[in-house]
Protein chains: 2
Amino acid sequence: MSFELSLNTGTTPNLSLQEAVEAVAGAGLGHIGPWRHLLEQAGGEEKAAEIISAAGLKATTLCRGGFLTGSDPEARRAAIESNRAAIRETAAIGAGELIMVVGGLPAAAHVIGGEGDRQDKDIVAARQRVAEGIAELAPYAAEHNVRLVLEPLHPMYTADRAVLSTLGEALDLAAPYPAETVGVVVDTFHVWWDPQLKQQIERAGRENRIASYQICDFNLPIAADALKSRGMMGDGYVDFPTISRWVAEAGYTGPVEVEIFNVEINNQDASLTVETMKSRYAELVLPALEEGAAKAQNPAGERISFGI
Amino acid sequence: MSFELSLNTGTTPNLSLQEAVEAVAGAGLGHIGPWRHLLEQAGGEEKAAEIISAAGLKATTLCRGGFLTGSDPEARRAAIESNRAAIRETAAIGAGELIMVVGGLPAAAHVIGGEGDRQDKDIVAARQRVAEGIAELAPYAAEHNVRLVLEPLHPMYTADRAVLSTLGEALDLAAPYPAETVGVVVDTFHVWWDPQLKQQIERAGRENRIASYQICDFNLPIAADALKSRGMMGDGYVDFPTISRWVAEAGYTGPVEVEIFNVEINNQDASLTVETMKSRYAELVLPALEEGAAKAQNPAGERISFGI
């Protein structure tokens with residue numbers, strides 16, 4: 001099996017882990033990507049692991065570690081400890097992949113409720129601190145057989161959430177480490193616009209760094225809470241068949257996770273959300289993934305068309 | 001003289017050309033970058049040229065040409081004709097530099113009031129049509145001694161306004177043409193987040209392509225009308241001293257244009273806006289430009305510090 005559809009629980013934020021697991025299993029899916037707070041609410045990572053496996057599901061990723069841009073030594077120490085806990089939790093639920101949102105500028109930390117130096121707008125230095133944080137965490141991740149999965153975020157979030165803004169930059173940051181220890185996630189919302197996208201997906205494949213393929217659409221207008229501008233596949237401006245084909249041609253065959261922050265979708269009935277994501281996936285994403293996979297396995301041959 | 005401060009009339013959208021010229025001259029500045037509709041309101045480009053020169057001012061750029069991504073043949077022909085008119089207007093007001101916003105996806109054209117194919121999300125093809133449009137316009141621009149100035153826009157506008165999203169991509173697009181015919185603009189709002197920014201500014205300088213340096217800040221939260229998220233220098237998250245130093249080190253010595261779309265700033269008294277931009281420029285931008293220029297002239301020497 002390959003290209004298993006997975007529900008990231010950010011798509012169903014009103015559900016407990018137990019409820020999300022039931023929605024996934026009830027729709028006949030086998031994979032889930034939980035957020036950390038759901039593990040805590042469930043009584044810890046061991047209990048969470050039981051809930052996931054009791055339903056016959058497999059965890060694909062854990063969201064999220066990161067936030068390594070702070071310059072205050074005490075805050076940095078706390079961030080490293082939090083990431084170490086996240087690495088242990090990832091191992092405990094058997095996901096293997098810890099998504100890393102690296103953090104924004106200290107000047108903008110207050111925007112998402114954190115603390116930082118409101119005058120510190122030095123993005124070059126912030127990126128250097130991210131690299132130092134990854135260096136500190138990579139050995140610990142390797143010990144736990146967990147991969148740190150660097151997530152480039154859309155540049156509309158560079159200031160407040162992630163100074164890591166392109167797939168190319170993520171691959172540069174991952175380069176010093178073994179591919180099984182530091183990887184990248186291709187999230188369509190964040191990277192669809194990038195003129196280097198095709199080349200960098202190819203590179204990510206060559207370097208065995210694609211740890212996750214996350215899908216959702218880019219909607220306009222940008223939502224009042226910009227984080228919630230994500231949309232159901234097909235509702236926005238992302239060319240899913242093209243990007244999905246590139247990802248599969250690069251050799252990725254793993255799960256495909258749907259992560260949508262969107263006020264309407266987040267508050268509708270979860271079974272409707274899961275059914276819609278299944279049908280849009282079948283229509284817009286899976287045929288192109290299968291086409292790309294066929295080409296990856298048979299690069300010299302004619303392109304084989306699956307479906308339409 | 002170098003680094004002359006210029007007012008882009010997008011910053012003072014309630015003023016006529018005559019009023020904007022008076023605000024600029026009244027503040028002791030010598031440069032203005034008008035938008036095309038102000039020329040039309042003033043009675044045409046010849047009349048506009050008289051208004052600008054009568055006040056002793058010089059036009060730095062004309063905003064804007066572009067919108068070359070449409071796939072409908074009739075719409076494309078109309079876009080080319082509109083760009084030819086913009087080239088003639090640029091020559092008439094003596095600006096020499098026509099800012100080009102290349103256009104978004106056909107699928108998103110309706111977002112900014114245009115028409116297009118709502119199913120056409122093929123960004124690769126849209127970018128190809130931009131390249132074809134530039135090829136068609138470049139000889140006409142050269143005949144009129146006008147430079148087409150490619151403007152990479154922030155990726156939050158890739159869908160609806162410009163599929164040209166990075167300085168590197170703009171330089172690739174400009175590469176087939178002489179530097180005096182196709183250049184690029186470095187607009188801090190659009191490019192501040194780019195991990196390749198330093199290298200691409202250096203490259204733009206080596207290739208003699210920097211046609212304009214536009215400044216304004218990146219504010220959060222993103223405004224309800226995302227286009228109006230621009231801020232006065234110092235109010236947001238852009239590291240102006242660093243980027244300004246890079247631009248000057250790359251050899252740019254031309255005007256520095258302030259273009260701010262922001263509901264509050266756009267509706268306040270224009271004299272307050274111009275005075276504020278003068279003081280923020282003197283504080284955050286000019287010292288770094290002068291430092292960079294000194295280094296550009298004396299690359300082997302010690303860095304000379306101008307002001308603080």
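The values are calculated or read from the model by the stated rules, or taken from the named source; none is laboratory data. The structure displayed is predicted, hence computed values, not measured ones. Every residue, glycine among them, receives a Cβ derived from its backbone with ideal geometry; neighbour counts consider all protein chains shown.
Can you tell me which residue among A:Thr61, A:Thr11 is of a type in the set (Ser, Thr, Tyr), buried (at least 24 other Cβ atoms within 10 Å of the Cβ) and closer than 21 Å to A:Leu148 by Cα?
Step by step, each of A:Thr61, A:Thr11 is checked, and only A:Thr61 is of a type in the set (Ser, Thr, Tyr), buried (at least 24 other Cβ atoms within 10 Å of the Cβ) and closer than 21 Å to A:Leu148 by Cα.
Between A:Glu136, A:Glu143, A:Glu132, which is touching a helix residue (DSSP H, G or I) at 6+ places or on another chain (Cβ under 7 Å) and not β-branched (Val, Ile, Thr)?
The unique qualifying residue is A:Glu136.
Just the residues that are within 14 Å of chain B (Cβ to nearest Cβ) and either surrounded by fewer than 21 Cβ atoms within 10 Å (Cβ to Cβ) or of a type outside the set (A, V, I, L, M, F, W, C) (or both), please, taken from segment A:175-191.
Residues satisfying the conditions are A:Ala175, A:Asp187, A:Thr188, A:His190.
Quick check on my filter: what residues within segment B:22-81 are over 17 Å from the mean Cα position of the chain (by Cα), closer than 30 Å to B:Glu132 by Cβ and of a type in the set (S, T, N, Q)?
Scanning segment B:22-81 gives B:Thr69, B:Ser71.
For B:Ala49, which of the numbered conditions (1) in a loop (DSSP other than H, G, I, E, B); (2) in contact with a strand residue (DSSP E or B) (Cβ under 9 Å, 6 or more places away or on another chain) fails to hold?
(1)
Considering (1) buried (at least 24 other Cβ atoms within 10 Å of the Cβ); (2) over 19 Å from A:Gly113 (Cα atoms); (3) not aliphatic (A, V, I, L, M), say which one A:His31 fails and leave the rest.
Evaluating A:His31 over (1) buried (at least 24 other Cβ atoms within 10 Å of the Cβ); (2) over 19 Å from A:Gly113 (Cα atoms); (3) not aliphatic (A, V, I, L, M) leaves (1) as the failure.
Inside segment A:34-56, can you point out the residues that are surrounded by 14 or more Cβ atoms within 10 Å (Cβ to Cβ) and on the phi > 0 side of the Ramachandran plot?
Matches in segment A:34-56: none.
For A:Leu62, only one of the following conditions fails: (1) in contact with a strand residue (DSSP E or B) (Cβ under 6 Å, 6 or more places away or on another chain); (2) touching a residue at least 40 places away in the same chain (Cβ under 8 Å). What is its number?
With (1) in contact with a strand residue (DSSP E or B) (Cβ under 6 Å, 6 or more places away or on another chain); (2) touching a residue at least 40 places away in the same chain (Cβ under 8 Å) applied to A:Leu62, the lone miss is (2).
Would you mention how many residues in segment B:254-275 are buried (at least 18 other Cβ atoms within 10 Å of the Cβ) and hydroxyl-bearing (Ser, Thr, Tyr)?
1
Please name all residue pairs, on different chains or six or more residues apart, with Cβ atoms under 9 Å, provided the first residue is in segment A:231-253 and is within 11 Å of A:Gly205 (Cβ to Cβ) and the second residue is of a type outside the set (A, V, I, L, M, F, W, C) and part of a strand (DSSP E or B).
These pairs meet every condition: A:Val247/A:Tyr213; A:Ala248/A:Tyr213; A:Tyr252/A:Ser212; A:Tyr252/A:Tyr213.
Identify all residues within segment B:103-131 that are of a type in the set (D, E, K, R) and either in contact (Cβ under 8 Å) with a residue 24 or more places away in the chain or buried (at least 17 other Cβ atoms within 10 Å of the Cβ) (or both); write none if there are none.
Listed by number, the residues that qualify are B:Glu115, B:Asp117, B:Asp120, B:Lys121, B:Asp122, B:Arg127, B:Arg129.
Is there any pair with a first residue in segment B:72-86 that is more than 17 Å from B:Ala125 (Cα to Cα) and a second that is among the β-branched types (Val, Ile, Thr) whose Cβ atoms are under 8 Å apart and which are 6 or more apart or on different chains, and what are they?
Final answer for the pair search is none.
Please count how many residues of segment A:7-55 are of a type in the set (A, V, I, L, M, F, W, C) and farther than 25 Å from A:Met232 by Cα.
Final tally of qualifying residues: 7.
Out of the helices (runs of 4 or more DSSP H) lying entirely within segment A:192-290, which hold 3 or more residues that are at pLDDT 95 or above and within 14 Å of chain B (Cβ to nearest Cβ)?
Filter on segment A:192-290 gives A:197-206, A:240-249.
Just wondering, is there one or more residues in segment B:221-228 that are without any contact (Cβ under 8 Å) to a residue 60 or more places away in the chain, over 23 Å from A:Val124 (Cβ atoms) and touching a Phe, Trp or Tyr at 6+ places or on another chain (Cβ under 6 Å)?
yes
Pick from segment A:215-241 the residues that are of a type outside the set (A, V, I, L, M) and touching a strand residue (DSSP E or B) at 6+ places or on another chain (Cβ under 6 Å): which of them is surrounded by the most Cβ atoms within 10 Å (Cβ to Cβ)?
Among residues in segment A:215-241 that are of a type outside the set (A, V, I, L, M) and touching a strand residue (DSSP E or B) at 6+ places or on another chain (Cβ under 6 Å), the one surrounded by the most Cβ atoms within 10 Å (Cβ to Cβ) is A:Cys216.
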